[in-house]
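Colleague: Take a look at the following structure, please.
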Amino acid sequence: DHLIATELSKTSVRAARENLTDNAIDNVDIIRLSAEEVTQAMNGEREFRRLAELPKPLQDYDLRTIFVDPPRAGLDEQTLQMASGFPAIIYISCNPQTLAENLATLCQTHRIENFALFDQFPYTDHMECGVLLLRQ
């Protein structure tokens with residue numbers, strides 16, 4: 001019933017907040033954090049003043065699904081381990097090679113429930129992959 005989104009780019013965070021306001025969406029909060037900072041916050045390793053913008057403390061949310069859309073390099077090791085702790089993972093990838101590498105780790109704790117290809121860039125070699133993984 002509530003979504004917490006994170007993004008590193010100040011411009012993207014500002015645009016997302018404007019979009020949420022313009023569309024009267026009130027169950028989404030977006031916080032400017034890097035993947036490394038999200039992992040630190042989720043693991044309780046570090047507190048971030050930016051998280052005070054949330055209506056309640058991060059640990060009070062019932063977070064069951066993580067949606068990741070990493071850069072071409074894929075998920076870093078710490079983010080990969082943090083994501084493994086969620087019952088459900090939605091993974092969007094623009095690089096099949098790093099997706100395969102990350103799935104080798106994620107499939108130790110999760111199974112692939114659905115997999116889809118999206119041709120968002122017609123007439124090019126680029127394909128987006130979407131994967132839904134559920135804890136085994």
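Colleague: For residue 81 and residue 24 in the same chain, what is the full-extension length gain: residue separation times 0.36 nm, less their Cα-Cα distance, in nm?
Modeller: On the way: separation 57, 0.36 × 57 = 20.52 nm, distance 3.45 nm.
Between residue 81 and residue 24, full extension yields an extra 17.1 nm.
Colleague: To test your reading of the geometry: what angle, between 0 and 90 degrees and rounded to tens, separates the Cα axis of helix 10-22 from the longest principal axis of the chain?
Modeller: 70
Colleague: Something else: Given a 1.4 angstrom probe, I'd like the percentage of the accessible area of the chain that is carbon and sulfur, rounded to a whole number.
Modeller: Numbers: 4470 of 8940 Å².
Exposed carbon and sulfur together represent 50 percent of the surface.
Colleague: Also, I was wondering about something else. From the residues 52, 114, 82, which one has its Cα farthest along the dipole of region 1-130 in the positive direction, the dipole being from +1 and -1 charges on Cβ of Lys/Arg and Asp/Glu about the Cα centre?
Modeller: 52
Colleague: Hey, could you grab the Kirkwood Rh for the chain? Inverse mean 1/r over distinct alpha carbon pairs, Å, one decimal.
Modeller: 16.2
Colleague: Any idea how far the Cα center of region 70-115 sits from the one of region 1-41, in Å?
Modeller: 21
Colleague: Tell me the accessible surface of residue 125 in square angstrom (1.4 angstrom probe, heavy atoms of protein chains only), to the nearest ten.
Modeller: Accessible area of residue 125: about 150 Å².
Colleague: Compute the orientation-averaged projected area for region 52-127 from the convex hull of its Cα atoms and round it to one decimal in nm². Don't skip to the answer; put the middle values down first.
Modeller: On the way: hull surface 26.2 nm².
Orientation-averaged projected area of the Cα hull: 6.6 nm².
Colleague: FRET efficiency for residue 97 and residue 17, Cβ-Cβ distance as r, R0 = 30 Å, nearest 0.05?
Modeller: Numbers: r = 34 Å, r/R0 = 1.13.
That gives a FRET efficiency of 0.30.
Colleague: How big is the antiparallel share of DSSP beta bridges in the chain, given as a percent to the nearest 5? Working shown, then result.
Modeller: Values: 14 of 23 bridges.
Taking every DSSP beta bridge within the chain, about 60 percent pair in antiparallel fashion.
Colleague: Tell me, what ³J(HN,Hα) does each residue in region 82-98 have, in order and in whole Hz, if you take phi through Karplus 6.51 cos²θ - 1.76 cosθ + 1.60 with θ = phi - 60° and put x for Gly and Pro?
Modeller: Calculated HN-Hα couplings, in order: 5, 4, 4, x, 8, x, 10, 10, 10, 10, 9, 9, 9, 9, x, 5, 6 Hz.
Colleague: Write down the accessible area per residue of region 90-129 in Å², having rolled a 1.4 Å probe over the full set of protein chains. Please report the intermediate quantities before stating the final value.
Modeller: Working: 2650 Å² over 40 residues.
Accessible area per residue, region 90-129: 66 Å².
Colleague: Select from 61, 123, 91 the residue whose mean-square fluctuation is largest in a Gaussian network model of the chain (Cα-Cα springs shorter than 10 Å).
Modeller: Answer for the Gaussian network model of the chain: 123.
The values are calculated or read from the model by the stated rules, or taken from the named source; none is laboratory data. Everything quoted here is computed from the prediction, not taken from an experiment. Note that each Cβ is placed from the backbone with ideal geometry, even for glycine, and that neighbours are counted across all protein chains shown. Ligands, DNA and RNA are excluded from the accessible area calculation, which covers all protein heavy atoms including side chains. Shrake-Rupley method; radii C 1.70, N 1.55, O 1.52, S 1.80 Å.
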